[in-house]
Amino acid sequence: MFTIDLAGVGSGPVTTDVEIPADHAVLQDLAVRFAGPVRVTGRLTESGPGRYYWQAEVAGFVHATCRRCLTPVDVPLQAPVNVLFCEDPGADDASIYVIPAQSRELDLSEAIREELLLALPEYVLCRDDCRGLCAGCGNDLNTGACTCEPDTDPRWSVLSSLKRPQ
């Protein structure tokens, strides 16, 4: 759990700066493995009675696989976090985290976990010009040419006979 004591927030913003180890429970079951700790930095401010606004940033690296050539790659992950915590149980906005009334501590674990999930890249490439794998033999086209014969439409076979000397 990553908690903040709310007693100090009334006198001004509270700085948050934590480093979450890659094997911490908050980072488990996210469908990715982290390549190191995740850094979370930000500020928590009071934005009204029973309302707290947290502006932060999460940053780290995740182990991923290139979607074209299946090469393992570590991808940088960096995302802004803008979250509102509110004591109002009637808050119907999905972006608001409802906290118990008269809370003395604020647990940031759920918000951190959700923001990391949202920041995960949809597609990963080892590099922008990755050529991928050959569909025929599976050879990595980044390391060299493939020896497969190109697929040709049989309707063009008559033209290939013109090319060959007789």
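Listing for the model above:
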read-out: Test: residue in the stretch 83-91 that is surrounded by 13 or more Cβ atoms within 10 Å (Cβ to Cβ), in contact with a Pro (Cβ under 9 Å, 6 or more places away or on another chain) and more than 20 Å from Tyr123 (Cβ to Cβ); value: yes
read-out: Every residue from the stretch 4-29 that is in contact (Cβ under 8 Å) with a residue 60 or more places away in the chain, open to solvent by less than 60 Å² (accessible area, probe 1.4 Å) and over 21 Å from the mean Cα position of the chain (by Cα); value: Ile4, Leu6
read-out: Qualifying residues in the stretch 106-127 (those that are within 10 Å of the chain's Cα centre (by Cα) and touching a residue at least 60 places away in the same chain (Cβ under 8 Å)) - the one nearest to Leu6 (Cα to Cα); value: Leu116
read-out: Count of residues meeting criterion [assigned to a strand (DSSP E or B), more than 18 Å from the chain's Cα centre (by Cα) and not hydrophobic (A, V, I, L, M, F, W, C)] in the stretch 65-101; value: 1
read-out: Wholly within the stretch 1-64, strands (runs of 3 or more DSSP E) carrying at least 3 residues that are of a type in the set (A, V, I, L, M); value: 14-20, 38-46
read-out: Evaluation of Leu159 against (1) at pLDDT below 85; (2) in a loop (DSSP other than H, G, I, E, B) (one fails), failing number; value: (2)
read-out: Residues (outside any loop (DSSP other than H, G, I, E, B) and loosely packed, with under 14 Cβ neighbours inside 10 Å) located in the stretch 115-132; value: Leu117, Leu118
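The values are calculated or read from the model by the stated rules, or taken from the named source; none is laboratory data. Just so it is clear, the structure is predicted and the values come from calculations on it, not from any experiment. Methodologically, a virtual Cβ is constructed for each residue, glycine included, from the backbone with ideal geometry; neighbour enumeration extends over all protein chains shown. Quick note on the areas: whole protein, heavy atoms, side chains included, nothing else; ligands and nucleic acids left out. Shrake-Rupley method; radii C 1.70, N 1.55, O 1.52, S 1.80 Å.
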